[in-house]
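Report on the following structure.
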Amino acid sequence: MAADRVVNAIEVTDLTMTYGDLRAVDGVGLSVAEGEFVGILGPNGAGKTTLLEMIEGLRKPDSGSASVLGLPVWPRNAALLPRIGVQLQASSFFERLTAREQIHTFAALYGVARAHADEWLERVGLAEKAGARVEDLSGGQAQRLSIACALVHDPEVVFLDEPTAALDPQARRNLWDLLSGINDAGRTVVLTTHYMDEAEALADRVAIMDHGQILVFDTPAALVQRLDAPTRITLADGEVITTREPTVEIARLAELGRLDGVQVQTGTLEDVFLDLTGREYRA
Ligand SMILES: Nc1ncnc2c1ncn2[C@@H]1O[C@H](COP(=O)(O)OP(=O)(O)OP(=O)(O)O)[C@@H](O)[C@H]1O
């Protein structure tokens, strides 16, 4: 029935979390549609992880509310657990188990066949490391295992906290393909990242957070357009021309015979990010 339809996969209203005097998350509201891919960007300490943990139902908010698939996440909702996938930090693995035993344990918790779990090891490129204990995996391998464990039960909504932070370029691109595939299959994905290219490549919409608040939430293209940044034209000899009239400038360069090797760059998501969050280091 239409009335029973879940409109948004995630609905967050006025979430706040305070540590002493610090408002780590400060009145955040957020709606994510079913099947949407959302990236959360923000400097260190912006509040991304705290926000995610409250939406996942892992952390009790001081105030505000969050629901996933139409169900409130706090107090912890057992009906939701099989429907969401949460990437755990590598330190949360069961001790002394091999990678295969680890993912089999997760599979058993969710009633998923072992063969399916083995397929996931394969998908994240860990088949050869199946017999290795988790403490003997590299940082990137442990991270891929944690992602496979989060996805083994084919959850409807997937939360990933900096999933590609420790990955080499190959593993990073492979994970992009994997996450795109999951999203194409209708799954809702929310990830935090420090990589602008990752957010730009994967996310339908990007939220930029700072000081516990979401400053903007829109498509990467709309965010870049709104910045109204000048175009940068880099010539083959390294000279950079910054202009608001790129067609005029390019015509002029053509007349001068200087078009070979020219690179034209409009604003990027990184420009938007720095414009909103500044350039100073964060604690
Ligand atoms: N358990 C805690 N006790 C006290 N302060 C905390 C706690 N957890 C987080 N904080 C503080 O809350 C703020 C937000 O932290 P959070 O981990 O959510 O940020 P983040 O955006 O995920 O950062 P990063 O990009 O570095 O992972 C930070 O200033 C952090 O020091």
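Tabulated results
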quantity	calculated
Residues that are surrounded by fewer than 14 Cβ atoms within 10 Å (Cβ to Cβ) and assigned to a helix (DSSP H, G or I), drawn from segment 128-149	Glu128, Glu135, Asp136, Gly139
Qualifying strands (runs of 3 or more DSSP E) (wholly inside segment 157-255; at least 1 residues being closer than 30 Å to Leu126 by Cβ)	157-161, 188-193, 205-210
Selection from segment 109-127 of residues that are farther than 18 Å from Pro82 by Cα, part of a helix (DSSP H, G or I) and in contact (Cβ under 8 Å) with a residue 12 or more places away in the chain	Asp118, Leu121, Arg123
Selected residue (criterion: least open to solvent (accessible area, probe 1.4 Å)) from residues of segment 37-80 that are among the β-branched types (Val, Ile, Thr) and near the ligand (Cβ under 8 Å from one of its atoms)	Thr50
Enumeration of residues in segment 188-202 that are open to solvent by 60 Å² or more (accessible area, probe 1.4 Å) and either modelled with pLDDT of 95 or more or within 13 Å of the ligand (Cβ to nearest atom) (or both)	His194, Tyr195
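One line per residue, one yes/no per condition, for (1) among the aliphatic types (A, V, I, L, M); (2) in contact (Cβ under 8 Å) with a residue 60 or more places away in the chain:
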residue: Gly27; (1), (2): no, yes
residue: Val32; (1), (2): yes, yes
residue: Asn44; (1), (2): no, yes
residue: Leu52; (1), (2): yes, yes
residue: Lys60; (1), (2): no, no
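The values are calculated or read from the model by the stated rules, or taken from the named source; none is laboratory data. As the structure is a prediction and not an experimental result, all values here were calculated from the model. Heads up, the Cβs are rebuilt from the backbone with ideal geometry, glycines too, and the neighbour counts pull from every protein chain shown. Note: areas computed on protein heavy atoms with side chains; ligands, DNA, RNA excluded. Shrake-Rupley method; radii C 1.70, N 1.55, O 1.52, S 1.80 Å.
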